[in-house]
């Protein structure tokens, strides 16, 4: 049962060829581009989404931080579309792979830290010591703040992986249980099926998770580059 | 847990980096958001010549000597 449950999280290869490459690149192929003023619904919808994201996310940044606009918008669209496509049955969700999430989290977090150090060295270092701490506590607090800084990329990656994996596992388990229940007692199966529906709807807020991802990234960026 | 099998990590990380940093950014940067169509400013601004900035009496036609 263990093997069966985790089988959907193995990186897919078809006869030795790494199909995972095509699966990761698939959402980017669905983004359209057009030069017209009025385009078709699909493209208008994408334009609307990009505009909404830009307005929501970039309003709290200084002009220097707004140079990250393209990066953050593409990040949120990438993770959102990947998560949503993974909700279809029998699909492989790349964001369940810890490798990919680490590969996204570490470079982006490192970028924000280095940018903060380059532009505002003193205020970045000052974040390590909150105002008004009593003097004997200072060494310990610096150590704690350093640890909390270095744990940020790990938390970003593991949070995304764990949430998506747990959601998919739950759907597998409850779906299997409902299937078995229909032969035993249909009313119980009905109740379980309704709960699956509710679970799926809540899981559709996996998109909300990418909100969380980018917001957390955003927060760390915001803390470093400000007062410009 | 199959996510901890590091043999596939290189492929996954490489593909996701290329996709995220190159492919998707290219696609999104190709979207353009034109300004709303607005009226063209039809009144052309009248630029004054340097000698018109200073009014001098001698240039008034009635004050010139009669020829």
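Numbers below:
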| quantity | calculated |
| --- | --- |
| Subset of region A:70-85 (residues that are more than 10 Å from every other protein chain (Cβ to nearest Cβ) and closer than 18 Å to residue A:158 by Cα) | A:76, A:80, A:83 |
| Among the candidates A:73, A:49, residue that is under 20 Å from residue B:20 (Cα atoms) and touching a residue at least 24 places away in the same chain (Cβ under 8 Å) | A:49 |
| From the options A:142, A:106, A:151, A:164, residue that is in a helix (DSSP H, G or I) and over 21 Å from the mean Cα position of the chain (by Cα) | A:142 |
| Qualifying residues in region A:44-54 (those that are in contact with a helix residue (DSSP H, G or I) (Cβ under 7 Å, 6 or more places away or on another chain) and more than 8 Å from chain B (Cβ to nearest Cβ)) - the one surrounded by the most Cβ atoms within 10 Å (Cβ to Cβ) | A:53 |
| Restricting region B:15-51 to residues that are in contact with a helix residue (DSSP H, G or I) (Cβ under 8 Å, 6 or more places away or on another chain) and surrounded by fewer than 15 Cβ atoms within 10 Å (Cβ to Cβ), the residue that is farthest from residue A:81 (Cα to Cα) | B:51 |
| Residue match in region A:20-43 (condition: more than 10 Å from every other protein chain (Cβ to nearest Cβ), under 18 Å from residue A:160 (Cα atoms) and modelled with pLDDT of 85 or more) | no |
| Number of the exception - residue A:57 against (1) more than 11 Å from chain B (Cβ to nearest Cβ); (2) surrounded by 17 or more Cβ atoms within 10 Å (Cβ to Cβ); (3) part of a loop (DSSP other than H, G, I, E, B) | (3) |
| Residue count for region A:92-110, restricted to those that are over 14 Å from residue A:165 (Cβ atoms) and either without any contact (Cβ under 8 Å) to a residue 40 or more places away in the chain or within 7 Å of another protein chain (Cβ to nearest Cβ) (or both) | 3 |
| Output for region A:7-19, where each listed residue is facing chain B (nearest Cβ under 7 Å) and in contact (Cβ under 8 Å) with a residue 12 or more places away in the chain | A:9, A:11 |
| Any hit, region A:62-69, residues being in a helix (DSSP H, G or I), over 17 Å from residue B:28 (Cα atoms) and more than 9 Å from chain B (Cβ to nearest Cβ) | yes |
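The values are calculated or read from the model by the stated rules, or taken from the named source; none is laboratory data. From a predicted model like this one, the values you see are computed outputs, not experimental measurements. In this analysis, Cβ positions are derived from the backbone assuming ideal geometry, glycine residues included, and neighbour counts consider all displayed protein chains.
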